[in-house]
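Read through the structure below, which is laid out as structure tokens, and then see the notes.
The values are calculated or read from the model by the stated rules, or taken from the named source; none is laboratory data. Every value quoted in this text rests on a predicted model; they were computed, and no experiment measured them. With ideal geometry, Cβ positions are generated from the backbone for all residues, glycine too; neighbour counts draw on all protein chains shown.
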Amino acid sequence: MSKKILSKANLCWMALSVAVYILLSVLINFRIISSYYTITIYNILINIILAVSLNLIIGICGQFSLGHAGFMCIGAYSAGVITKMMPNLGGLFLGVLVGMVISTVAALIVSVPTLRLRGDYLAIATLGFAEIIRIIVMNMKITNGAAGLSGIPKLTTFTLLFICMVISIIIVCNFTRSAPGRACISIREDEIASEAMGINTTKYKVSAFIIGALLASLAGALFACNFYVIKPTQFNFNRSIDILVMVVFGGMGSMTSSVIAAIVIGFLNMILQNFSNLRMIIYGVALVSIMIFKPTGLLGTRELSFEKLLKRKERKS
Amino acid sequence: MSKKFLKVLLSSAMTVSMLAACGSGGGAGGSGSELAEGDTVKIGGNFELSGDVASYGTAESNAVELAIKMYNESEDAKYKLEYVSVDNKGDAAESTTAATKLIEEDQVAFIVGPATSGASIATYQVASDSSVPVISPSATQINATMNGDEVYPSAFRICFEDSYQGAAMAQYAAKDMGKKKAAVLAETSDYGQGLANQFIETFEANGGEVINSLKDGSYNAGDTDFNAILTKLSEKDFDVLYVAGYYGEAGLIIKQAREMGIDATIVGADGFDSTVLAQLAGKENLNDVFFTTAIASGAPTEAQEEFKKAYIEEYGEDALNMFSYLAYDSVMLGIQALEEAGATGPALQEALEKAEFDGLTGSFTFDETHTPVKSVLVIDAATNGAETNAEVTVK
């Protein structure tokens with residue numbers, strides 16, 4: 001058992017994440033990069049969690065969801081409300097938990113009836129769900145309505161964020177390789193065929209949907225505790241589209257590509273911030289050209305796999 | 001471990017460190033520095049140049065640019081000012097990032113903007129951490145500058161709070177107009193609800209009666225048919241209708257109310273202040289319609305006229321609105337404080353707190369929440385703002 005976990009490939013992954021972590025934290029803590037770039041890195045890490053979790057729903061399970069901002073909103077507001085009462089890490093932890101519980105319930109309520117729908121219909125249903133969440137938040141007293149919550153303590157640290165990101169990626173990747181994950185892939189490829197093979201499609205679709213929702217709510221909580229202020233308008237349709245763009249830009253079904261797309265789009269946004277008039281155009285052109293020249297996204301369904309790299313090396317030698 | 005892996009690791013390390021090199025510069029703020037005459041001082045503009053509220057952000061950013069240009073061209077300019085502008089897309093998180101960039105990378109003396117409350121609040125903590133004042137021209141949300149019970153030390157705004165206008169109109173309606181029974185219609189936004197709640201409170205405190213609850217009187221931004229809500233109201237007896245919302249919906253409400261035979265006085269806040277209101281409501285329906293605002297656009301003072309001319313020359317007529325005046329005042333206030341303090345950082349902040357400012361949108365000082373104390377103008381909508389009815393200061 002321990003041998004399996006400590007395989008060469010896993011060790012490589014561990015080394016890579018530790019190396020990236022050390023590198024980035026040195027850059028941030030010694031102020032080699034200004035806090036402007038630090039915020040960009042924070043943003044990218046949050047976006048990675050969101051993109052990877054949406055990729056699980058869209059890329060692996062083949063269910064087109066436009067409601068990701070809704071789950072993010074639930075997580076953000078749960079953490080925001082609770083950390084305002086308990087401004088410490090315990091509060092954030094509790095906020096994340098509460099957000100996850102609410103998200104799970106909401107995801108169950110939404111997914112059980114809507115996952116019977118297919119394609120466009122599902123997209124519209126989930127879009128409606130996200131809007132409902134936003135309107136509810138806008139009309140509640142505890143969330144301070146349309147004015148949004150302000151004065152949320154900044155509890156998200158780089159270490160916390162990085163650990164959450166790594167855990168999210170591990171959860172999604174391991175789910176993909178497990179039996180339920182394989183079942184999800186078969187649903188993506190052909191729902192009727194997989195049903196004929198005895199797969200309980202609704203069950204697997206719902207479980208993938210809920211895992212995605214949980215991670216999105218985690219990202220929302222970290223988002224709220226990083227930016228001091230949250231408003232309902234931040235979790236509108238555009239936010240869902242932003243996340244969707246990352247998934248499509250990278251390539252549906254590949255986690256590596258979601259990570260890379262989140263990084264690329266994060267930096268693209270930062271660089272283009274100074275060209276306000278041109279930004280939307282360049283952004284659009286970049287997306288259109290990706291869609292024309294590489295419709296499957298940057299990487300398609302390919303993954304960066306140390307296992308394969310190591311095997312290839314063994315074969316060579 | 002594989003050589004290839006090492007290569008990948010090394011090259012990624014290189015890339016990241018190269019990026020880091022681009023980003024170095026900034027550093028710890030907080031202390032501020034002394035300024036000598038003739039120094040170049042950077043002023044940051046953090047505005048909504050794209051996104052939903054780009055029209056406000058652009059109007060303000062233009063005004064800031066113009067104000068700085070006019071200052072640099074004036075003969076008694078003490079410093080040479082440079083304008084650095086960043087787009088925050090009207091998003092709170094982007095706004096934090098933009099403010100951080102201005103503070104850390106460009107090392108600005110103070111920041112003007114953003115135009116909206118949410119985006120403004122998102123910058124106050126960052127600004128306060130490094131003692132770089134943020135002057136928001138139009139963050140009207142209630143308690144926007146407050147962090148719980150304490151004020152953000154670096155947050156200032158030069159507009160009055162949403163509630164203040166509501167209170168002023170309620171006082172004017174009850175005392176000066178002698179109205180007894182009011183009905184209230186409010187948009188379900190923080191702007192509409194804030195105004196309406198305060199109107200109800202002050203109107204009742206002044207001996208009036210509000211005949212409907214806010215729950216029955218709410219509408220959404222973008223609504224076009226108000227017949228249902230107005231029919232319900234028309235069955236009741238009232239002599240003044242307060243519409244807390246923007247001109248788009250308010251214009252239609254006025255038109256539909258008049259067509260239905262509601263002849264009560266209709267009053268509102270600065271959301272009415274647009275020429276579109278008359279187009280939507282119809283000129284003949286604007287009798288007995290009043291609203292509160294910071295400046296009377298129909299009857300400009302000499303200074304306003306001068307600014308208006310310069311602005312139109314530079315950017316055209318379309319971009320000019322009330323927000324331009326507020327943004328112009330924000331910069332001029334910042335410059336005045338900068339000249340008084342002769343330094344940036346905490347000294348500048350202190351000068352702002354004590355500032356006595358006389359600008360295009362009136363003269364004022366700051367109260368303990370860094371909100372200006374100034375009077376509200378009540379304007380007759382039929383004259384398109386050419387006539388000021390009264391100046392109201394809420395007691």
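For the stretch B:266-287, the condition of being touching an Asp or Glu at 6+ places or on another chain (Cβ under 8 Å) and either over 22 Å from B:VAL378 (Cβ atoms) or at pLDDT 90 or above (or both) holds for at least one residue.
Within the stretch A:1-67, which helices (runs of 4 or more DSSP H) (wholly inside it) include 2 or more residues that are at the interface with chain B (Cβ under 7 Å from one of its Cβ atoms)? Walk me through it before giving the result.
Details: elements: A:2-5, A:8-29, A:35-55.
Correct list: A:8-29, A:35-55.
Could you please find all residues in the stretch A:141-154 being more than 9 Å from chain B (Cβ to nearest Cβ), surrounded by fewer than 20 Cβ atoms within 10 Å (Cβ to Cβ) and in contact with a helix residue (DSSP H, G or I) (Cβ under 9 Å, 6 or more places away or on another chain)?
Pass one, the stretch A:141-154, residues more than 9 Å from chain B (Cβ to nearest Cβ): A:141-143, A:149, A:152-153.
From the residues that got through so far, the ones that are surrounded by fewer than 20 Cβ atoms within 10 Å (Cβ to Cβ) too are A:141-142, A:153.
Hits for the stretch A:141-154 are A:ILE142, A:PRO153.
Just for helices (runs of 4 or more DSSP H) wholly inside the stretch A:222-293: which have at least 1 residues that are closer than 29 Å to A:GLY91 by Cα?
In the stretch A:222-293, the matching helices (runs of 4 or more DSSP H) lie at A:237-250, A:255-272.
Name every residue in the stretch B:80-108 that is facing another protein chain (nearest Cβ under 7 Å) and among the β-branched types (Val, Ile, Thr), in order of residue number. Within the stretch B:80-108, B:VAL86, B:THR96, B:THR97, B:THR100 qualify.
Selection of the stretch B:52-106 for residues being in contact with a strand residue (DSSP E or B) (Cβ under 9 Å, 6 or more places away or on another chain) and among the β-branched types (Val, Ile, Thr) yields B:THR58, B:VAL64, B:ILE68, B:VAL84, B:VAL86, B:THR97, B:ILE103. Filtering B:SER24, B:SER31, B:SER50 for residues that are of a type in the set (S, T, N, Q) and at pLDDT below 50 leaves a single hit, B:SER24. Scanning the stretch B:117-156 for residues that are within 12 Å of the chain's Cα centre (by Cα), farther than 14 Å from A:SER150 by Cα and within 14 Å of another protein chain (Cβ to nearest Cβ) yields B:SER136, B:THR140. Screening B:ASP225 on (1) part of a helix (DSSP H, G or I); (2) out of contact with any strand residue (DSSP E or B) (no Cβ under 9 Å at 6 or more places or on another chain) shows it passes everything except condition (1). Of the residues making up the stretch B:199-215, those that are within 19 Å of B:LEU377 (Cα to Cα) and touching a strand residue (DSSP E or B) at 6+ places or on another chain (Cβ under 9 Å) number 2. Just wondering, is there one or more residues in the stretch B:212-225 that are out of contact with any His (no Cβ under 9 Å at 6 or more places or on another chain), within 14 Å of chain A (Cβ to nearest Cβ) and of a type in the set (S, T, N, Q)? Yes: the stretch B:212-225 contains one or more residues that are out of contact with any His (no Cβ under 9 Å at 6 or more places or on another chain), within 14 Å of chain A (Cβ to nearest Cβ) and of a type in the set (S, T, N, Q). Could you please find all residues in the stretch B:75-103 being in contact (Cβ under 8 Å) with a residue 40 or more places away in the chain, more than 14 Å from B:GLY118 (Cβ to Cβ) and in a helix (DSSP H, G or I)? Hits for the stretch B:75-103 are B:LEU102, B:ILE103. Residue-level check: of (1) closer than 23 Å to A:GLY145 by Cα; (2) more than 17 Å from the chain's Cα centre (by Cα); (3) within 14 Å of another protein chain (Cβ to nearest Cβ); (4) at pLDDT 90 or above, A:PRO87 misses just (4).
Looking at the stretch B:162-174, is at least one residue among the acidic types (Asp, Glu), outside any loop (DSSP other than H, G, I, E, B), closer than 18 Å to B:LYS374 by Cα and in contact (Cβ under 8 Å) with a residue 12 or more places away in the chain? The answer is yes, given that some residue of the stretch B:162-174 is among the acidic types (Asp, Glu), outside any loop (DSSP other than H, G, I, E, B), closer than 18 Å to B:LYS374 by Cα and in contact (Cβ under 8 Å) with a residue 12 or more places away in the chain.
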